[in-house]
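The values are calculated or read from the model by the stated rules, or taken from the named source; none is laboratory data. The shown structure was predicted, so the numbers you read here are calculated from the model rather than taken from an experiment. Here the Cβ is made from the backbone with ideal geometry for all residues, glycine too, and neighbour counts use every protein chain on show.
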Amino acid sequence: MKRSVGWLRFVLAICGSLALASSPSYAQKTTGDITGSVTDATGGVLPGVAVTATCPDTRLTRTVTTDSNGGYSLPELPICVYKVVAELAGFKTVSREAPVTANSGVLGKSRGSSAC
């Protein structure tokens, strides 16, 4: 009887360890996202705009291009105050600061105006 109780404890300990190892982790994220849209001075969407986010502290740079609706997304950025620049030929370059904090989603809307 003593041997079967010890064996049962061993099996339960292994099963418990496996259950803990396979459970999902719910740790806080240490990154955030910058998402937004780019429009012209009249409110028309601007596809094909190069949107670049740069962290001056680390010099990390990410660039994306706006979609057909003028939208963009820069996911999983480390915490920093980013300089976000939107550039498209024929339009003025627009620059904004976007602070990214843990678990944040920074929404941006950039309006450009046509160049002379």
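Condition (residue is assigned to a loop (DSSP other than H, G, I, E, B) and at pLDDT 90 or above) applied to region 79-88: is it met by at least one residue?
Initially, region 79-88 is screened for residues assigned to a loop (DSSP other than H, G, I, E, B), giving 79, 88.
With the extra rule that they be at pLDDT 90 or above, the set shrinks to 79, 88.
Scanning region 79-88, I find at least one residue that is assigned to a loop (DSSP other than H, G, I, E, B) and at pLDDT 90 or above, so the answer is yes.
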Going by the conditions given, is GLY43 assigned to a loop (DSSP other than H, G, I, E, B), at pLDDT below 95 and not polar (S, T, N, Q)? yes
Residue check for ARG59: at pLDDT below 90 and over 19 Å from ASN103 (Cβ atoms): no
